[in-house]
1. Kindly list the number of the only condition in (1) more than 28 Å from residue 76 (Cα to Cα); (2) modelled with pLDDT under 90 that fails for residue 333.
2. Identify, by number, the condition in (1) farther than 30 Å from residue 340 by Cα; (2) without any contact (Cβ under 8 Å) to a residue 40 or more places away in the chain that residue 87 doesn't meet.
3. Are there helices (runs of 4 or more DSSP H) fully within the range 464-512 with at least 3 residues that are modelled with pLDDT of 90 or more, surrounded by 14 or more Cβ atoms within 10 Å (Cβ to Cβ) and in the same structural domain as residue 424 (by TED's automatic domain parsing)? List them.
4. Examine the range 429-439 for a residue that is surrounded by fewer than 14 Cβ atoms within 10 Å (Cβ to Cβ), in a helix (DSSP H, G or I) and of a type in the set (D, E, K, R), and state whether such a residue exists.
5. Inside the range 143-163, can you point out the residues that are open to solvent by less than 60 Å² (accessible area, probe 1.4 Å), of a type outside the set (Ser, Thr, Tyr) and touching a residue at least 24 places away in the same chain (Cβ under 8 Å)?
6. Quick check: anything in the range 307-322 more than 21 Å from the chain's Cα centre (by Cα) and aromatic (Phe, Trp, Tyr)?
7. What's the total number of residues in the range 351-373 that are of a type in the set (Gly, Ala, Ser) and open to solvent by 50 Å² or more (accessible area, probe 1.4 Å)?
8. With respect to residue 331, is the statement that it is in a strand (DSSP E or B), more than 16 Å from ligand 2 (Cβ to nearest atom) and either open to solvent by 20 Å² or more (accessible area, probe 1.4 Å) or not assigned by TED's automatic domain parsing to the domain that holds residue 397 (or both) true?
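The values are calculated or read from the model by the stated rules, or taken from the named source; none is laboratory data. For clarity, every value in this text was computed on a predicted model and none was experimentally measured. Backbone-built Cβ (ideal geometry, glycine too); neighbour counts: all protein chains shown. For accessibility, only protein heavy atoms count, side chains too; no ligands or nucleic acids. Shrake-Rupley method; radii C 1.70, N 1.55, O 1.52, S 1.80 Å.
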Amino acid sequence: MIAKVQSYALSGLEGVPVTVETDVSRGLPAYDIVGLPDAAVKESKERVRSAIKNSAYAFPSHKITVNLAPAYVRKEGTAFDLPVAISLMLATGALKAEKETLEKTVFLGELALNGDLRPVTGVLPAIISAKDKGYTRFIVPKGNEKEAGYVHGVCVVAAKTLKEVVEHLSGSAPLPAVETATFTNPTAEAPTAYDLSFVKGQAIAKRALEVAVAGGHNILFVGPPGSGKTMLARAIPSVLPDMQFSEALEITKIHSVAGTLGEEGIVRTRPFRSPHHTATTVSLCGGGNKTVHPGEISLAHGGVLFLDELPEYSRSALEALRQPLEDGVITISRSGGTVTYPASFMLCASMNPCPCGNYGSKKRSCSCTPRDIRRYRAKISGPLLDRIDIQVEVDGVEYDDLVAESREENSAAVKSRADGARRIQNERFAGGKVKTNAEMGERETREFCRLTKEGEEVLREAFETLRLSARARARILKVARTIADLELCENIQPEHLYEAISYRAYSGEREE
Ligand SMILES: Nc1ncnc2c1ncn2[C@@H]1O[C@H](COP(=O)(O)OP(=O)(O)OP(=O)(O)O)[C@@H](O)[C@H]1O
Ligand SMILES: [Mg+2]
């Protein structure tokens, strides 16, 4: 007898339907699974066999063939254990279920040897894709209940064991549907570990940070050791705008696939990823040999990727960031196929200006030779620097500033101004793919960054004296747009351009 049940595989964040069919026929006892990669077949076979036996069901001694179709779909992970077990039990007659119960039902779950159901990765994107294809019922492990609850308009059942699933399907002990969850932003009172008010002085750097957050621009802090660069970067999450539910779902999909989803089952705050500088290109960008997984840049999607001590990262890892920084996605090609993950993040980087760290400082003298300095700076390629809209030099703080009782502005005040600028952007780009000024393409830049004659002159002069690239010009325009938005100005004024240009000083200087 042949039995069929439905499951789902993932390609990137897109779900692909996989049908699990089992044929049980007379013949010498044999048990084969086809349609899975070699190593996975062996493991899955043994788990399914033990789980069925240990759930006190008989495992048939017939000729069993399980097929996961279509064969060309790359199937990864362990989520097919449950559908394989169910289709096998249906084929042998150990499980009898009404046709309607199985129709439009998708099974996902890994089996433990004792018959327990273990959570699997990628449940959220699989359910969302399957829902779009018309599937309405889902049976998932209890551990995936939370994330599944955020998909509205479907019926999800979460089970702890194979036995529970079998009894649910046979009708002897039906399980309740998982309650749908509502998305809420974390409360504003939640204390943040880092606040902008902890950073004393550094008014210019703070202003630059505000502009960067307001428009989603990349930012680089350059300065001597101990000036507060890392502190500033760590305060960014406290000023980032709150998330919408749709954004949260998109980000959660990635974390669900990567297996980095927390207890809550949804990502409620924007990600802040700070991979160490020993990170490899694969861990930054994603990839892998056997299975392709999202890298840090995708985990930072919708949030911030913080690269502290930028020149210490390997050259190849940094160069690999160039395409995602431009396109907001990363495409990974492997022999098994091509996978695309979203990777639209705000890059925040920090570095010292030279090996001793004091070049350009007003307080300390630099002991490096010009050659040392050149070599150090050359670690960051021109094209990468060109993609960083805002580059600020941060000098050491004055002692008086450091001990002054004066209260520094806190993150909440900065956030409310940045939120104001974001609201203008939301209206400007309503309904489109672009969400922030930083993401504007050629067409949007032309439309929304018109300059007055005077403004045009300002930009021309900067272009020639700083020998800027065409990309730098476009990026200056976008930053100027954000500065104008922060001041609630409809048109970009020369002073907005001056400020935007001042943020390119670091790369301008090195092109001398
Ligand atoms: N502007 C500042 N206000 C208050 N404290 C500061 C400031 N700058 C530095 N500090 C103090 O110095 C410590 C180090 O600062 P931070 O790690 O941000 O320096 P950095 O600029 O990243 O240095 P490095 O280049 O060595 O990484 C902080 O933990 C804080 O105690
Ligand atoms: Mg630091």
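1. The one condition residue 333 does not meet is (1).
2. Every condition holds for residue 87 apart from (2).
3. 470-486, 494-502
4. We begin by selecting, within the range 429-439, every residue surrounded by fewer than 14 Cβ atoms within 10 Å (Cβ to Cβ); these are 430-433.
Still in the running and in a helix (DSSP H, G or I): none.
No.
5. Applying the first criterion (open to solvent by less than 60 Å² (accessible area, probe 1.4 Å)) to the range 143-163 yields 143-145, 147-151, 154-159, 161-162.
From the residues that got through so far, the ones that are of a type outside the set (Ser, Thr, Tyr) too are 143-145, 147-149, 151, 154-159, 162.
Within the range 143-163, 143, 144, 145, 147, 148, 149, 151, 154, 156, 159, 162 qualify.
6. Scanning the range 307-322, I find no residue that is more than 21 Å from the chain's Cα centre (by Cα) and aromatic (Phe, Trp, Tyr), so the answer is no.
7. 3
8. Values: in a strand (DSSP E or B): yes; more than 16 Å from ligand 2 (Cβ to nearest atom): yes; either open to solvent by 20 Å² or more (accessible area, probe 1.4 Å) or not assigned by TED's automatic domain parsing to the domain that holds residue 397 (or both): yes.
The answer is yes for residue 331.
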